[in-house]
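Novice: Handing you a structure now.
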Amino acid sequence: MTPVPPPFDPELAAALEEAGGGLGPGLSPADIAAARQGPAVELLAGLDLTMNGAFEVTERTVPGPEGAPDVSLLICRPTAAATGTPRPLLYHVHGGGMVLGNNRLGVNTALEWAREVGAAVVSVEYRLAPEHPHPAPVDDVHAGLLWTAEHARELGCDPARIVLVG
């Protein structure tokens, strides 16, 4: 007997349907290409990452894991003057089960938190499975975090106040 995953809560299922995913519980390899091209991708591309001018947004490519490609980081720093002490930093790892998404997926939530507390946000773009099986995505996240910690002061942030979110 093939196990059947439990259904989503009806309210959540309705929200997922409206978002255009139309995905039920579970994701088969055959579903991945379609899920990566869904309407949510267009929504991500249209996000105002500056949050109406509250953040300066840059993208930076940093060394990836040994023998692997470089890693892209989305760096969002507050435009408001710093208070004299280095800022905290939120290191964002997007959802998608290491199979879907990009460094913009969910970063709006991290930016809202950062705006409230005067923090910067760095969101990592990692290679996706199944094309890049474990541990590739995790290694990319780790490489980006190491670079972020080593260069936090250059970003105006405190390397002792990095919070992993996502």
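Novice: So what's the back-of-envelope 222 nm ellipticity for the chain, counting only DSSP H runs of four-plus at -39500 (n - 2.57) apiece and dividing by all residues, rounded to 500?
Specialist: Only helices count here, giving -8000 deg cm²/dmol.
Novice: So for region 26-166, taking the charge dipole from beta-carbon charges (+1 Lys/Arg, -1 Asp/Glu), which of Ala30, His92, Ala80 sits furthest toward the positive end?
Specialist: Positive-end residue among those listed: Ala80.
Novice: Using a Förster distance of 35 angstrom, determine the FRET efficiency expected from the C-beta separation of Ala34 and Ala149, and round it to 0.05.
Specialist: Step by step, r from the Cβ atoms, then E = 0.45.
Novice: Okay, next question. Between region 75-130 and region 131-166, how far is it from one alpha carbon centroid to the other, in angstrom?
Specialist: Going from one Cα centre to the other spans 11 Å.
Novice: Counting only heavy atoms of the protein chains, get the accessible area per residue of the chain (1.4 Å probe) and round it to a whole Å² value. Working shown, then result.
Specialist: Working: 9640 Å² over 166 residues.
With all protein chains present, the chain gives 58 Å² per residue.
Novice: Using the basic label-point model (7 angstrom from Cα toward the beta carbon), what is the Ala54 to Ala14 distance in nanometres?
Specialist: Going by the 7 Å Cα→Cβ label model, 2.9 nm.
Novice: Dipole magnitude of the chain about its Cα centre, charges +1 at Lys/Arg Cβ and -1 at Asp/Glu Cβ only, in debye to the nearest 20?
Specialist: Roughly 380 debye, rounded to the nearest 20.
Novice: In addition: So which chymotrypsin sites (Phe, Trp or Tyr not before Pro) in region 102-157 pass both tests, a DSSP loop state and at most 16 other Cβ atoms within 10 Å of the Cβ?
Specialist: none
Novice: Let me ask you something else. Given +1 on the Cβ of Lys and Arg, -1 on the Cβ of Asp and Glu, and no further charges, what dipole in debye does region 75-166 carry about its Cα centre, rounded to the nearest 20?
Specialist: 260
Novice: In addition: Let me have the relative contact order for region 52-166, percent, based on Cα pairs under 8 Å that are six or more residues apart.
Specialist: Worked out over region 52-166, it gives 32 percent.
Novice: In addition: On a full-extension model of 0.36 nm per residue, what is the gain between Ala45 and Trp113, subtracting their alpha-carbon distance, rounded to one decimal in nm?
Specialist: On the way: separation 68, 0.36 × 68 = 24.48 nm, distance 2.04 nm.
Separation in residues times 0.36 nm, less the Cα-Cα distance, equals 22.4 nm.
The values are calculated or read from the model by the stated rules, or taken from the named source; none is laboratory data. As the structure is a prediction and not an experimental result, all values here were calculated from the model. Neighbour counts are summed over all protein chains in view; Cβ atoms, including those assigned to glycine, are modelled from backbone coordinates with ideal geometry. Surface accessibility is based on the protein's heavy atoms, side chains included, excluding ligands, DNA and RNA. Shrake-Rupley method; radii C 1.70, N 1.55, O 1.52, S 1.80 Å.
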